[in-house]
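Data first, discussion second: the structure below is written as structure tokens.
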Amino acid sequence: MADLRRDRDAAETALAEAKAADPAAEDGKLAELQSALDECRANAASLAGERDAAKAALATAEAKPAVAVSSSPAVAASPIALVDSAPESAASDDLKQISGIGPKLEGLLNEAGISRFEQIASLTLDQIADLDDILNFRGRIERDDWVGQAKRFASGETP
């Protein structure tokens, strides 16, 4: 959105400068600049509409009660299932070493199939958003930088 505003401002400035310089000689350039400015304005309006729709969807999602995580089939079919599960033979890591994860959150993550630092370290932005929504973490994963911490612990760094 900032880039779009910057482009729009630059187009408006260039259009104003061109009109002030010699309006008659630069008709083609003025038309081109006006067209670019109109396109920027249209894009800004479109993005503003998308932003407003996203805010409305977020408000609706926040109004819904938190989803309880359990061993039910609903969790198995949830987007969390996209996280690679740890091999059966792999021992679980102490996820509480990650700042922001206590016993309760560690239990929720384990129920969702996440028990290793490598799994948290390899989360995609979509998976983080899904975990955040399903487990009602309210941005905690990114705010506490779980992925960065998990990468350090997975590489052998100690807390």
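At R0 = 22 Å, how high is the FRET efficiency between residue 110 and residue 155 if r is their beta carbon distance? Nearest 0.05 is fine.
The calculated FRET efficiency here is 0.50.
Karplus couplings for segment 131-147 from phi (6.51 cos²θ - 1.76 cosθ + 1.60, θ = phi - 60°), rounded to Hz, Gly and Pro as x?
4, 4, 5, 5, 9, 6, 7, 6, x, 5, 4, 6, 4, 8, 6, 4, 5
How far is it, in nm, from the label point at residue 42 to the one at residue 57 when both lie 7 Å from their Cα along the line to the Cβ?
2.4 nm
Which whole-Hz ³J(HN,Hα) couplings does segment 49-54 yield from phi under the Karplus relation 6.51 cos²θ - 1.76 cosθ + 1.60, θ = phi - 60°, glycine and proline marked x?
Per residue, the Karplus-derived 3J(HN,Hα) values read x, 5, 4, 5, 5, 5 Hz.
Obtain the nm distance between the two label points defined at residue 144 and residue 12 by a simple spin-label model: each point lies 7 Å from its Cα along the Cα-to-C-beta direction.
Distance between label points: 4.3 nm.
So, counting K/R as plus one and D/E as minus one, what does the shell of residues with Cβ under 15 Å around residue 40 add up to?
Every neighbour counted, the sum reads -3.
Values quoted throughout were computed directly from the atomic coordinates according to the rules given, and no laboratory measurement underlies them. Keep in mind the model is a prediction, meaning the values are calculated, not measured. Using ideal geometry, Cβ is built from the backbone for each residue, glycine included, and neighbour counts are taken over all protein chains shown.
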